[in-house]
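Notes to accompany the following structure.
The values are calculated or read from the model by the stated rules, or taken from the named source; none is laboratory data. Not measured: the values here are computed from a predicted model. So basically every Cβ, Gly included, is an ideal-geometry build from the backbone, and we count neighbours across all protein chains shown. Heavy atoms of the whole protein, side chains included, go into the accessibility calculation; ligands, DNA and RNA do not. Shrake-Rupley method; radii C 1.70, N 1.55, O 1.52, S 1.80 Å.
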Amino acid sequence: MSKLPDESFRDTIGTINEEGKRAWVFPKKPSGKFYNKRKIVSYVLLAMLLSFPFIKINGNQFVLLNVIDRKFNIFGFTFWPQDFYLVVISMIVGVVFVTLFTVAFGRIFCGWVCPQTIFMEMVFRRIDYWIDGDRGAQIRLKKQKWDAEKIRKRTFKWFLYFIISFLIANVFLSYIIGSDAVLAMIKEGPADHISTIVALLIFTGVFYFIFAWFREQVCIIACPYGRLQGVLLDNKSIIVAYDHVRGEREQGRAKFKKDQNRSEEGIGDCIDCKQCVNVCPTGIDIRNGTQLECVNCTACIDECDHIMESIDLPKGLIRYASEDEIVKNEKFTFTPRMKGYTAVLFILIGILCGLLFLRNDVEATVLRLPGQTFEHKGENISNVYTFKIVNKTVKDFERIHFKIADPKGGKVILVGKPMIKIEKGEYAQGTLFIEINPAFLKSYKTNVKIEVYDGDELVETTTTNFLGPRNFN
Ligand code: SF4
Ligand code: SF4
C-alpha cells in the first residue's frame, strides 16, 4: 500500500508551538533580486500612503475617508452618502480584481502591495535587523538575560516602534477626520482637541500591538483573504512554489556533497539547508506545498537562488510557477475561469465609468413637509417644503435661488434669506414655500419642476409635488 504524504504540518500554524504557545519567528534578513524590487515598490507605496492625506486638489483633500461626517474624497473628487452606490460598485470591482489576480497569480497582493506586509517587512522588521542584528543575533538576544545591552536595545527598539506607530496613527486619522483637523491639533496643542488625541492614542496602541507583538499573525489568523486561497487557487495559478520534481527527484532531497552528480544519481537538487525556512517571515516550509500562511513575499526564492548559485546549480528551485508547470511543464495559460472573471471585471468597470460620468455635481431635493396640506395666500395657493442642496463641485456657490419651470405662474419663497451660499463640498438645507396661482394648476396634485440657479447659471433641476384643493374642478 502506498504511503500517504505527511500532511501533519497542516494541523498547526507556524507561529504556534506544540504546547500551544506563541512560537516567535526570527526570519533571516532577506536579500536578492526580488527583495530589491519589493523594496522599491514598498517605498513608492509608502510615499503614496503617507502623502495622500496632505495633497490638495482645488482645496479638496486628495483622499479622505471621513466615515464620521460621511464625506469621501477620492483623487480630489468629493463623494457623499448619496453616491454610496459608487463606493459599493468600486469595492465590488476591487474584490473581482483581487480575485482575478489571485486565481492567476496567487497572493501577489499580500507580498507586494498589502500595507500590513509593507509596514511589517519593510519598516518594523528592518528596525529589528538594524538594532538586534540578523536571525542568529535576534535568537541570542531573546535568550539573553536582561543585562545592560538587552535593556538598551529593547528600550530603543520599543521607543522607535512607538514613534512609528504614532506617526502611522496620525496619517490614519488624517484619512478619517482630514489632515487639516490633525494639523490644527498639532498647532493648537492637544488641550483643545481632547477627542482627537484620545483617538490618536487608541490608534497608536492598536498599531503598536499589531507590529510589535501580533505581527505575521495578522496574515495567518486575522486576514480573511488568506483563507480564500483554498477556493481561488488551482493547479494553473502562478504562486511562489517549490519545484518538488527537480528538488526531490526519485531519491528525495539530500545534503550537499562535493563532486556528486545529483541528477544522475536521482537525488533532488534540494540540499535540505533549510535556508528557505529560516528566511520565511511566517515560519513555514515552502517545500510542503501551498499553505495559507504563505504571503508570497518571495524571500525564499531569493534565498534558495543564493544557495543554488553557491553550489553551481541552476537557480529557480523555488520560483513563481504553477503546479502544472512544475509537474507537466505546461506554460501559463489564460484559463476559461480567468476569462470569466475578466469579463465580469470589464463589465463592472464599464458600469462604474458610466455611473461616474452620469453623476450629478449638484444634488437638490425638495420634499413637501409631511402632514401639511395647502394654504391660501392672497390669490395664490401655498405649500411648505424642506430642501437640501449638496454642492459636490470644486467651487463655492454664492447666490443659490430657485425658480419654478413648470407649471407657469409659480414662485419660490425661501425662508430666511432670498439667496443662499454653499461652499464647495458642503451642503445647505432649509425651508421654502411654493406659491402657485390656481389658474395654472391642472389637478388636486400637480407635479412641479424646480430649477436651481447659482446667480444666472442653472446648476440643477428637480421635481416635487404640489397640493391644491380637492374640489379643484
Ligand atoms: S533553500 Fe533551496 S536548497 Fe535549501 S532547503 Fe530550501 S529549497 Fe532546499
Ligand atoms: S514560503 Fe516563501 S513566499 Fe511564502 S511567506 Fe515564506 S518566504 Fe514568503
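With a Förster radius of 60 Å applied to the beta-carbon distance between residue 423 and residue 159, the computed FRET efficiency rounds to 0.90. Taking a point 7 Å from the Cα of residue 342 along the Cα-to-Cβ direction, the residues of segment 223-247 with backbone N closer than 15 Å to it are 237-238. Note on segment 229-340: with neighbouring protein chains present and a 1.4 Å probe, carbon and sulfur make up 52 percent of its accessible heavy-atom surface.
Distance between the 7 Å Cα→Cβ label points at residue 376 and residue 442: 2.6 nm. Between segment 436-467 and segment 103-132, the C-alpha centres lie 58 angstrom from each other. When Rg and Dmax are taken over the Cα atoms of segment 377-473, they come to 14.3, 48 Å. Note on residue 310: accessible area is roughly 90 Å² with a 1.4 Å probe, heavy atoms of protein only.
With the alpha-carbon atoms of segment 30-165 aligned to their principal axes, the span from lowest to highest coordinate is 60, 37, 22 Å, starting with the largest. On the basis of the beta-carbon distance and an R0 of 41 Å, residue 167 and residue 330 show a calculated FRET efficiency of 0.30.
Annotation: aspartates and glutamates with alpha-carbon distance below 13 angstrom to residue 442 (same-chain offsets under eight excluded): 406. Accessible area per residue for segment 330-473, computed on protein heavy atoms with a 1.4 Å probe, is 58 Å².
On segment 355-473, 49 percent of the accessible area sits on carbon and sulfur atoms, based on a 1.4 Å probe. Counting only Cβ charges, +1 for Lys and Arg and -1 for Asp and Glu, the dipole size of the chain around its Cα centre is about 520 debye. Cross-link partners for residue 339 among the lysines, with Cα-Cα distance under 16 Å and sequence neighbours closer than 8 places in the same chain left out: 236. Using C-alpha pairs below 8 Å separated by at least 6 residues, the relative contact order for the chain is 14 percent. Relative to its Kirkwood radius, the Cα radius of gyration of the chain gives an Rg/Rh of 1.15.
Step through the table entries 377/424; 424/445; 33/274, compare each Cα-Cα distance with 27 Å, and write down the pairs that go over it. In this structure, 377/424; 424/445 lie more than 27 Å apart at Cα. I'd like the FRET efficiency for residue 188 and residue 123, computed as 1/(1 + (r/R0)^6) with the beta carbon distance as r and R0 of 22 Å, rounded to 0.05. FRET efficiency, residue 188 to residue 123: 0.15. Residue ranges 355-368, 73-86 sort as 73-86, 355-368 when ordered by packing (mean number of other C-beta atoms within 10 Å per residue, highest first). Axis of helix 299-310 versus longest Cα principal axis of the chain: the two differ by about 30°, to the nearest ten degrees.
The figure for residue 255 is an accessible area of roughly 130 square angstrom, using a 1.4 Å probe on the protein chains alone. Multiplying the residue separation of residue 461 and residue 33 by 0.36 nm and removing their Cα-Cα distance gives an extension gain of 148.2 nm. Which residues in segment 70-88 place their backbone N less than 14 Å from a point set 7 Å from the Cα of residue 351 along the Cα-to-Cβ direction? Residues passing the 14 Å test: 85-88.
Here the simple spin-label model places points 7 Å from the Cα toward Cβ, and for residue 309 and residue 414 these points are separated by 7.1 nm.
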